[in-house]
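**Q** Just passing along the structure, written as structure tokens.
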Amino acid sequence: MALALIGARIFDGAHLLEGRAVILDAERIAAVIPERELPAGIRVRRIDGLLAPGFIDVQVNGGGGVLFNDQRDVAGIAAIGAAHRKYGTTGFLPTLITDTRDVMREAVAAANAAIVEGVPGILGIHLEGPFLNPERKGVHDPKLMRAIEEEDIAIVTALKGGRAHLTIAPEKVPLAVIGRLAEAGVRISAGHSTASYEVMMAAKAAGLTGVTHLFNAMPPLAGREPGIIGAALNDGDLHAGLIVDMHHVSAASLRVAITAKGWERVMLVTDAMPSVGSNAPTFTIQGRVVTRHEGRLTTADGTLAGSDLDMASAVRNTVEQLGLPLEAALHMASRAPAEFLGLSDRYGRIAEGHRASLVLLDDRLNVRATWIDGVGDDE
């Protein structure tokens, strides 16, 4: 039976609306109409706050005490999704950082199985490495970084449903391979890289469409060497992910980047680790202990190791710390990543025919409720 959600302000993906009803029918939005035009007899649920498209996170290493690299199965993916759903994430890519070929194969198989079994919110998989540059390793193990081979291409393109997202160092992957992967439907981003502006533009022409965690694990922008950052900010087509946790990038740099690029092509990402949705003060990643302190995750040598960020906090930080309009922050958390993944015909808007994946926020942008494909978190 159709359900009408009434009483909340609505952000439909572009505008803030008042006095509208959102009618859910199974997994889709059947209509968005004035409340006074509701048909007689329809089931109604009154809600308070702001109803927005559910958040989409394309970089989720873990959550709820689970690290995807360590638990590469349906249960692990489900636990990560459940942890992040509490913070408004209704669509996500479980993210595998640099690891062995066997681990990659198992991770893709797990994502395939999770999609088949209907794990709430899974939209595919993100393989962050191992075809990266050890000079910009971050917390990734440089001993596991390597050149891409035919067997790897077969693994990366083995996802049968959803979207495969691959982060590469463009200077380490032949243009012909980038083209093959893009032709196969893989979303390709640059990250953990020293690529020059010219290499970035060549990779973009071959099929690269994004930049992973802009500013992090890449050289700084310089006057005569714009590099990856310059390419991301100068090119209107590239999508760029930003970790707005106020630890990875300064507020000033975040504002400069968003102003230069325009928020339409910027995606909020968490780069979240198992600590999100968990009270544990530490966890391990490939044998190294990571400690959480005041929202910052570091290894013993002080290296940032992903983030303790959730998407609701990223939205709040974008509004409160960066001073951006609410509409921009919500766009960056939903519609922009949907467009990057090629899913904007289904996600990122509250409109007829789109998936009923929604988040209800209070006045302080805390999450009050979520729906994934029409199913509420209280059902």
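The values are calculated or read from the model by the stated rules, or taken from the named source; none is laboratory data. These numbers come from a predicted model, not from an experiment. Here the Cβ is made from the backbone with ideal geometry for all residues, glycine too, and neighbour counts use every protein chain on show.
**Q** Among Arg368, Arg346, which is the only one that is part of a loop (DSSP other than H, G, I, E, B) and either in contact with a Gly (Cβ under 7 Å, 6 or more places away or on another chain) or outside the structural domain of Ala312 (by TED's automatic domain parsing) (or both)?
**A** On the way: Arg368 fails: part of a loop (DSSP other than H, G, I, E, B).
Criteria check complete, one pass: Arg346.
**Q** Which of the following residues is among the hydrophobic types (A, V, I, L, M, F, W, C), out of contact with any helix residue (DSSP H, G or I) (no Cβ under 9 Å at 6 or more places or on another chain) and either more than 17 Å from Gly13 (Cβ to Cβ) or buried (at least 22 other Cβ atoms within 10 Å of the Cβ) (or both): Ala351, Ala338, Ala329, Ala333? Break it down stepwise before answering.
**A** Numbers: Ala351 fails: either more than 17 Å from Gly13 (Cβ to Cβ) or buried (at least 22 other Cβ atoms within 10 Å of the Cβ) (or both); Ala329 fails: out of contact with any helix residue (DSSP H, G or I) (no Cβ under 9 Å at 6 or more places or on another chain); Ala333 fails: out of contact with any helix residue (DSSP H, G or I) (no Cβ under 9 Å at 6 or more places or on another chain).
Result of the check over Ala351, Ala338, Ala329, Ala333: Ala338.
**Q** For the range 14-27, how many residues are under 11 Å from Leu3 (Cα atoms) and in a strand (DSSP E or B)?
**A** The qualifying residues number 5.
**Q** Another question, if that's okay. So for the range 276-283 (the condition being closer than 16 Å to Leu93 by Cβ and part of a strand (DSSP E or B)), does at least one residue qualify? So that I can check it myself, show each step before the final result.
**A** Applying the first criterion (closer than 16 Å to Leu93 by Cβ) to the range 276-283 yields 276.
Still in the list and also part of a strand (DSSP E or B): none.
Checked against the condition, which is being closer than 16 Å to Leu93 by Cβ and part of a strand (DSSP E or B), the range 276-283 yields no hits at all.
**Q** Related question: Within the range 45-59, can you find the residues that are at negative phi and surrounded by 18 or more Cβ atoms within 10 Å (Cβ to Cβ)? Spell out the reasoning first.
**A** So the first thing to find is which residues in the range 45-59 are at negative phi, and the list is 45-48, 50-59.
Once the filter is applied, which keeps residues that are at negative phi and surrounded by 18 or more Cβ atoms within 10 Å (Cβ to Cβ), the range 45-59 yields Leu50, Leu51, Ala52, Pro53, Gly54, Phe55, Ile56, Asp57, Val58, Gln59.
**Q** Tell me which residues, restricted to the range 138-169, are under 28 Å from Arg346 (Cα atoms) and in a loop (DSSP other than H, G, I, E, B).
**A** Thr157, Ala158, Leu159, Lys160, Gly161, Gly162
**Q** Would you pick out the residues in the range 282-292 that are exposed (fewer than 13 other Cβ atoms within 10 Å of the Cβ) and either at positive phi or modelled with pLDDT under 95 (or both)?
**A** Across the range 282-292, the qualifying residue is only Gly287.
**Q** If you don't mind, there's one more thing I want to ask. Condition check: in the same structural domain as Leu208 (by TED's automatic domain parsing), closer than 30 Å to Arg72 by Cβ, more than 19 Å from the chain's Cα centre (by Cα) and not basic (Lys, Arg). Does Pro325 satisfy that? Show your work before the answer.
**A** On the way: in the same structural domain as Leu208 (by TED's automatic domain parsing): yes; closer than 30 Å to Arg72 by Cβ: no; more than 19 Å from the chain's Cα centre (by Cα): yes; not basic (Lys, Arg): yes.
No; evaluated as a whole, the condition is false for this residue.
**Q** Is it true that some residue in the range 48-58 is under 18 Å from Thr284 (Cα atoms) and not charged (D, E, K, R)? Please lay out each step first, then the result.
**A** Keep residues of the range 48-58 that are under 18 Å from Thr284 (Cα atoms), which gives none.
Among the residues of the range 48-58, not one is under 18 Å from Thr284 (Cα atoms) and not charged (D, E, K, R), which makes the answer no.
**Q** Something else now. Can you confirm whether Val315 is assigned by TED's automatic domain parsing to the domain that holds Ala14 and either within 23 Å of Ile125 (Cβ to Cβ) or assigned to a helix (DSSP H, G or I) (or both)? Break it down into steps so the answer makes sense when it comes.
**A** Values: assigned by TED's automatic domain parsing to the domain that holds Ala14: no; either within 23 Å of Ile125 (Cβ to Cβ) or assigned to a helix (DSSP H, G or I) (or both): yes.
No, not satisfied.
**Q** Kindly indicate the residue of the range 99-133 that is among the β-branched types (Val, Ile, Thr) and buried (at least 21 other Cβ atoms within 10 Å of the Cβ) and also farthest from Tyr347 (Cα to Cα) among those meeting that condition. Lay out the reasoning, then the answer.
**A** Filtering the range 99-133 down to residues among the β-branched types (Val, Ile, Thr) leaves 100, 103, 108, 115-116, 119, 122, 125.
Okay, now just the ones that are also buried (at least 21 other Cβ atoms within 10 Å of the Cβ), so 108, 119, 122, 125.
On the way: Val108: 23, Val119: 17, Ile122: 13, Ile125: 17 Å.
Filtering first and then ranking leaves Val108.
**Q** Still on this model: Filter the range 187-236 down to the residues that are part of a loop (DSSP other than H, G, I, E, B) and either modelled with pLDDT under 95 or closer than 18 Å to Thr259 by Cβ (or both) and list them by number. Don't jump to the end; show me each part of the working.
**A** Applying the first criterion (part of a loop (DSSP other than H, G, I, E, B)) to the range 187-236 yields 191-196, 207-209, 212-226, 235-236.
Within the range 187-236, Leu214, Phe215, Pro220, Leu221, Pro226, Asp235, Gly236 meet the criteria.
**Q** It is to be established whether one or more residues within the range 168-183 are aliphatic (A, V, I, L, M) and under 23 Å from Gly121 (Cβ atoms). Quick ask: steps written out before the conclusion?
**A** Taking the range 168-183 first, the residues aliphatic (A, V, I, L, M) are 168-169, 173, 175-178, 181-182.
Filter once more, so that each one left must be under 23 Å from Gly121 (Cβ atoms): none.
No; the residues of the range 168-183 include none that is aliphatic (A, V, I, L, M) and under 23 Å from Gly121 (Cβ atoms).
**Q** Evaluate the following for Ile42: is it surrounded by 16 or more Cβ atoms within 10 Å (Cβ to Cβ) and at negative phi? Can you show your working first?
**A** Values: surrounded by 16 or more Cβ atoms within 10 Å (Cβ to Cβ): no; at negative phi: yes.
No, not satisfied.
**Q** Oh, and also: So the check is Cβ under 8 Å with 6+ separation or different chains; which pairs have a first residue in the range 341-360 that's over 12 Å from Asp373 (Cα atoms) and in contact (Cβ under 8 Å) with a residue 24 or more places away in the chain and a second one that's of a type in the set (Lys, Arg) and not in a strand (DSSP E or B)?
**A** Gly348/Arg335; Arg349/Arg335
**Q** Are any of the residues in the range 283-302 outside the structural domain of Val22 (by TED's automatic domain parsing), among the polar types (S, T, N, Q) and under 30 Å from Lys204 (Cα atoms)? Quick ask: steps written out before the conclusion?
**A** Filtering the range 283-302 down to residues outside the structural domain of Val22 (by TED's automatic domain parsing) leaves 283-302.
Subsequent filtering for residues that are among the polar types (S, T, N, Q) retains 284, 286, 291, 298-299.
Right, trim to under 30 Å from Lys204 (Cα atoms) and you get none.
No: the range 283-302 contains no residue that is outside the structural domain of Val22 (by TED's automatic domain parsing), among the polar types (S, T, N, Q) and under 30 Å from Lys204 (Cα atoms).
**Q** Right, here's the next one. Failed condition for Glu150, given (1) more than 26 Å from Gly62 (Cβ to Cβ); (2) acidic (Asp, Glu); (3) within 18 Å of the chain's Cα centre (by Cα), with all others met?
**A** (3)
**Q** Within the range 19-34, work out how many residues are loosely packed, with under 14 Cβ neighbours inside 10 Å and over 30 Å from Val269 (Cα atoms).
**A** 2
Every residue, every condition in (1) surrounded by 22 or more Cβ atoms within 10 Å (Cβ to Cβ); (2) of a type in the set (Lys, Arg), yes or no:
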position: Asn234; (1), (2): no, no
position: Leu238; (1), (2): yes, no
position: Thr259; (1), (2): no, no
position: Trp263; (1), (2): no, no
position: Thr270; (1), (2): yes, no
position: Arg296; (1), (2): no, yes
position: Thr303; (1), (2): no, no
